[in-house]
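Some notes on the structure that comes next.
The values are calculated or read from the model by the stated rules, or taken from the named source; none is laboratory data. Here the structure is a predicted model, which is why all the values come from computation and not from measurement. Note that each Cβ is placed from the backbone with ideal geometry, even for glycine, and that neighbours are counted across all protein chains shown.
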Amino acid sequence: MRSGAKTAVIGGVFIVFAGGVGYGAYSLYGGSGGGAGATTRSAEVKTGPLSAAEIDKAAKDFLTGWADGTDAADVAQLTNNATAAGPAISGYRDQAHVTKAVITPGTAAGAKVPFTVKATVAFKGQSKPWSYSSELTVVRGKTTGRPLVDWAPSVIHPKLTDSTVLVTGEASAPPIKAVDRDGTELTKEKYPSLGAVLDQLRTKYGEDAGGSAGIELMLKADSGSEDGSGTTADAKAAADQSLLTLSKGKPGELTTTLDAGVQAAAEQSVKKYSEASVVALQPSTGEILAVANNRKDGWNAAMLGQQAPGSTMKIMTAALLLEKGLVGADKPAECPKNAIYQGRKFQNLDEFSIPNGTFAQSFARSCNTAFIKLIDDTEDDGALAKEAQEVFGIGLNWQTGIPSFDGSVPAGTGSEAAAQYIGQGTVQMNVLNMASVTATAKNGAFKQPVIVPRTLDDRKMATAARSLSPDAADQLRSMMRLTATNGTGAKAMSGLGGDKGAKTGSAEVDGQTTSNSWFTGYENDLAAAAVVQAGGHGGDAAGPVVASVLSAG
């Protein structure tokens, strides 16, 4: 393999060549033998780094055994986790219905061996070619010393996980023609960031949209993965993902709340950064207008992510302090360069201070200490958690229309409570949550986010216990306007007009040298929030993402 491997199919026979030496000829699932059985165990347990020859042989034995159709249990023994590998290998033939395959190994890079698969999938008289690339890694067995394939489901297919399986059959849900609020079609090809969202919409609403199912090769949640209720949390959140269509079904039309123009802007904005997410929604209705992610794994982190939101959390903290009468936007507020709370030191960025400043100035410049110094005055360790739930709807089991995480602000005590006030510690949010928080500040009342109209089904909407008090809402909006015009969000929001407000955030993450960049803002009746992993200051990376989306509204 290291000298450039080649494959050939001659009369239905599978041949792998490396460096001019044929590994052998195998009929796919024809039982010609020699694959898994070619490996013998040495009486002496070897140790130390693997040689190139050991890596080549281990990869060859596994790939030829897999392609040959050798008993899956035997092929699984060529991995370091035979119990997990066996079902995935047998399922490739028995559940995915792969009837032919040519596996072409590439040049090894150390212990990693890339390969391509060109296969045929056949089911009930329908067949289609299927190709993809994957890789395997060879390791030395801990107890045997043998070179073994380091088992991971992604060896079989790069999207396969412990909680999913490959299945070919009638699609579990008919295809959909998803359209935006004005009837513009939304496709994965034109809006690639919507891939996961469209799959989830199809899974939930395909049958109700009036279409008929076709035959497809699908990545499905594995109902046998246990968490006490039948499936893992990841599997329950996963939507069936179509990998290959053997025969098309008839799509039904599904109207979403998305806006094609805003979605296009969101797609372009996140492409400027690796690992970025953004959500835009309408404060007056809670309708989601755009969801976009730029991630290698394709995961919908915008709606399912759980991270510390940094100082964007100060929107809720400020609302709490305003409602309790502990601060006023135009009233004096202490902002020293650092503060100690129950033995833990907190400081502002570069240890700045604001002598004789107002609370609005502390908010606009994101002064940590101005917030932390007021914790004891709330006289309630759970005050922030209550404000988050009762006013901003956090943790109320949102029914957006597809799987989503609705935020978490647990009751904090001691220095942990202080960290929560500035969006660190145990606070967990995603950009959907922060866009909703901003929308609540703008609107004065929580509107549960939705991505399909409420009239589509009878799902129950989450309802906050109360609205933000009018006086606190007015002051909060004035402080967000100051942030957007003269504070940390001014540069990013400078190109926007109308009624606008913003809040920046930087969230420190263990093991990460640069903080995550967070930004949330609104312009008129459009709110958006973004996060850029390791993007630094909120206004530097996430800020331009939000501004681009708001300008498209």
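Scanning for something aliphatic (A, V, I, L, M) and touching a Pro at 6+ places or on another chain (Cβ under 6 Å), does segment 141-150 turn up at least one residue? Steps first, please.
Let us first name the residues in segment 141-150 that are aliphatic (A, V, I, L, M), namely 148-149.
Still in the list and also touching a Pro at 6+ places or on another chain (Cβ under 6 Å): none.
Looking through segment 141-150, none of the residues is aliphatic (A, V, I, L, M) and touching a Pro at 6+ places or on another chain (Cβ under 6 Å).
Being touching a residue at least 40 places away in the same chain (Cβ under 8 Å) and either surrounded by fewer than 20 Cβ atoms within 10 Å (Cβ to Cβ) or outside the structural domain of Gly444 (by TED's automatic domain parsing) (or both) is the filter here, so list the residues in segment 516-536 that pass it.
Start the filter on segment 516-536 by keeping residues that are touching a residue at least 40 places away in the same chain (Cβ under 8 Å), which leaves 516, 518-522, 525-535.
Scanning segment 516-536 gives Asp525, Ala534.
Can you report the number of residues in segment 394-414 which are hydrophobic (A, V, I, L, M, F, W, C) and more than 24 Å from Leu456 (Cα to Cα)?
Here is the first cut: in segment 394-414, the ones hydrophobic (A, V, I, L, M, F, W, C) are 394, 396, 398, 402, 405, 409, 411.
Next, from what is left, pick out any that are more than 24 Å from Leu456 (Cα to Cα): 409, 411.
Number satisfying all stated conditions: 2.
Just wondering, is there one or more residues in segment 459-477 that are in the same structural domain as Leu396 (by TED's automatic domain parsing), touching a residue at least 40 places away in the same chain (Cβ under 8 Å), surrounded by 19 or more Cβ atoms within 10 Å (Cβ to Cβ) and closer than 23 Å to Phe346 by Cα?
There is no residue in segment 459-477 that is in the same structural domain as Leu396 (by TED's automatic domain parsing), touching a residue at least 40 places away in the same chain (Cβ under 8 Å), surrounded by 19 or more Cβ atoms within 10 Å (Cβ to Cβ) and closer than 23 Å to Phe346 by Cα.
I need the helices (runs of 4 or more DSSP H) fully contained in segment 195-281, keeping only those with at least 3 residues that are modelled with pLDDT under 90. Step through it out loud before you land on a result.
Details: elements: 195-205, 233-237, 260-270.
The qualifying helices (runs of 4 or more DSSP H) are 233-237.
Has segment 307-328 got at least one residue that is closer than 30 Å to Arg202 by Cα and not acidic (Asp, Glu)? If you could, list the steps in order and put the result at the bottom.
The initial filter retains those residues of segment 307-328 that are closer than 30 Å to Arg202 by Cα, namely 307.
Okay, now just the ones that are also not acidic (Asp, Glu), so 307.
Checked segment 307-328: at least one residue is closer than 30 Å to Arg202 by Cα and not acidic (Asp, Glu).
Show me the strands (runs of 3 or more DSSP E) found entirely inside segment 98-140 where at least 2 residues are free of Cβ contacts under 8 Å to residues at least 24 places away in the same chain and in the same structural domain as Asp150 (by TED's automatic domain parsing).
Those strands (runs of 3 or more DSSP E) span 112-123, 126-140.
Here is a check on your reading of the model: is Thr168 in contact with a Leu (Cβ under 6 Å, 6 or more places away or on another chain) and part of a strand (DSSP E or B)?
Numbers: in contact with a Leu (Cβ under 6 Å, 6 or more places away or on another chain): yes; part of a strand (DSSP E or B): yes.
Yes: the conditions hold for Thr168.
Take the residues in segment 167-189 that are free of Cβ contacts under 8 Å to residues at least 24 places away in the same chain and of a type in the set (D, E, K, R), then tell me which one is surrounded by the fewest Cβ atoms within 10 Å (Cβ to Cβ).
Out of the qualifying residues, it is Glu189.
For segment 124-136, indicate whether the set of residues that are crowded, with 20+ Cβ neighbours inside 10 Å and under 21 Å from Ala82 (Cα atoms) is non-empty.
Taking segment 124-136 as the starting set, the residues that turn out to be crowded, with 20+ Cβ neighbours inside 10 Å are 130, 136.
In the following step, the residues that additionally are under 21 Å from Ala82 (Cα atoms) were identified as 136.
Looking for residues that are crowded, with 20+ Cβ neighbours inside 10 Å and under 21 Å from Ala82 (Cα atoms), one finds at least one in segment 124-136, hence yes.
Criterion first (of a type in the set (Val, Ile, Thr) and in a strand (DSSP E or B)) does Val531 satisfy it?
On the way: of a type in the set (Val, Ile, Thr): yes; in a strand (DSSP E or B): yes.
Here the answer is yes, as Val531 does meet what is asked.
Can you tell me which residue is surrounded by the fewest Cβ atoms within 10 Å (Cβ to Cβ) among those in segment 294-340 that are assigned to a strand (DSSP E or B) and modelled with pLDDT of 95 or more? Spell out how you get there, then give the answer.
Kept after step one, since they are assigned to a strand (DSSP E or B), are these residues of segment 294-340: 294, 307, 332, 338-340.
So of that shortlist, the ones also modelled with pLDDT of 95 or more come out as 294, 307, 332.
Working: Asn294: 21, Gln307: 20, Pro332: 13.
Here the answer is Pro332.
From the list Ala435, Ala418, Ala465, pick out the single residue that is at negative phi and part of a loop (DSSP other than H, G, I, E, B). Spell out how you get there, then give the answer.
On the way: Ala435 fails: part of a loop (DSSP other than H, G, I, E, B); Ala418 fails: part of a loop (DSSP other than H, G, I, E, B).
So the residue among Ala435, Ala418, Ala465 that is at negative phi and part of a loop (DSSP other than H, G, I, E, B) is Ala465.
Considering each of Ala484, Ala411 in turn, give the residue that is buried (at least 20 other Cβ atoms within 10 Å of the Cβ) and either assigned to a loop (DSSP other than H, G, I, E, B) or not hydroxyl-bearing (Ser, Thr, Tyr) (or both). Break it down into steps so the answer makes sense when it comes.
Working: Ala411 fails: buried (at least 20 other Cβ atoms within 10 Å of the Cβ).
Going through Ala484, Ala411 in turn, the sole match is Ala484.
Looking at segment 300-328, I want the residues that are of a type in the set (S, T, N, Q) and have a partner that is surrounded by fewer than 23 Cβ atoms within 10 Å (Cβ to Cβ) and at pLDDT 95 or above with Cβ atoms under 7 Å, at least 6 apart or on another chain. Which pairs are those?
Qualifying pairs under 7 Å: Gln306/Phe405; Gln306/Gln428; Gln307/Gln428.
Looking at Val327, Val291, Val279, can you tell me which residue is of a type in the set (Val, Ile, Thr), in contact with a Phe, Trp or Tyr (Cβ under 6 Å, 6 or more places away or on another chain) and assigned by TED's automatic domain parsing to the domain that holds Ala418? Walk me through it before giving the result.
Values: Val291 fails: in contact with a Phe, Trp or Tyr (Cβ under 6 Å, 6 or more places away or on another chain); Val279 fails: in contact with a Phe, Trp or Tyr (Cβ under 6 Å, 6 or more places away or on another chain).
Sole residue among the options that is of a type in the set (Val, Ile, Thr), in contact with a Phe, Trp or Tyr (Cβ under 6 Å, 6 or more places away or on another chain) and assigned by TED's automatic domain parsing to the domain that holds Ala418: Val327.
Suppose we keep only residues that are of a type in the set (Ser, Thr, Tyr) and surrounded by fewer than 16 Cβ atoms within 10 Å (Cβ to Cβ) within segment 91-119. Which one would you say is modelled with the lowest pLDDT? Give the steps one after another, and end with the answer.
Keep residues of segment 91-119 that are of a type in the set (Ser, Thr, Tyr), which gives 92, 99, 104, 107, 116.
Checking which are surrounded by fewer than 16 Cβ atoms within 10 Å (Cβ to Cβ) leaves us with 99, 107, 116.
Numbers: Thr99: 87, Thr107: 92, Thr116: 95.
Taking the candidates together, the pick is Thr99.
Would you mind finding the one in Asp94, Asp61 that is more than 29 Å from the chain's Cα centre (by Cα) and either touching a residue at least 60 places away in the same chain (Cβ under 8 Å) or more than 19 Å from Lys159 (Cα to Cα) (or both)?
On the way: Asp94 fails: either touching a residue at least 60 places away in the same chain (Cβ under 8 Å) or more than 19 Å from Lys159 (Cα to Cα) (or both).
Every option except Asp61 fails the conditions.
Suppose we keep only residues that are touching a strand residue (DSSP E or B) at 6+ places or on another chain (Cβ under 7 Å) and among the hydroxyl-bearing types (Ser, Thr, Tyr) within segment 386-435. Which one would you say is farthest from Ala319 (Cα to Cα)?
Thr400
Count, please, the residues in segment 46-81 that happen to be outside any loop (DSSP other than H, G, I, E, B) and of a type in the set (S, T, N, Q). Step through it out loud before you land on a result.
If we filter segment 46-81 for residues that are outside any loop (DSSP other than H, G, I, E, B), which is where we start, we get 52-68, 72-76, 79.
Those still in the list that are of a type in the set (S, T, N, Q) too: 64, 79.
Total meeting the criteria: 2.
Any chance segment 67-81 includes a residue that's closer than 20 Å to Leu243 by Cβ and surrounded by 22 or more Cβ atoms within 10 Å (Cβ to Cβ)?
So the first thing to find is which residues in segment 67-81 are closer than 20 Å to Leu243 by Cβ, and the list is 67.
Applying the additional criterion that residues be surrounded by 22 or more Cβ atoms within 10 Å (Cβ to Cβ) yields 67.
Yes, segment 67-81 contains at least one residue that is closer than 20 Å to Leu243 by Cβ and surrounded by 22 or more Cβ atoms within 10 Å (Cβ to Cβ).
Check Lys491 against each of (1) modelled with pLDDT under 95; (2) farther than 21 Å from Gln282 by Cα; (3) out of contact with any Ser or Thr (no Cβ under 9 Å at 6 or more places or on another chain) and name the one condition it does not meet.
Result: Lys491 fails condition (1) only.
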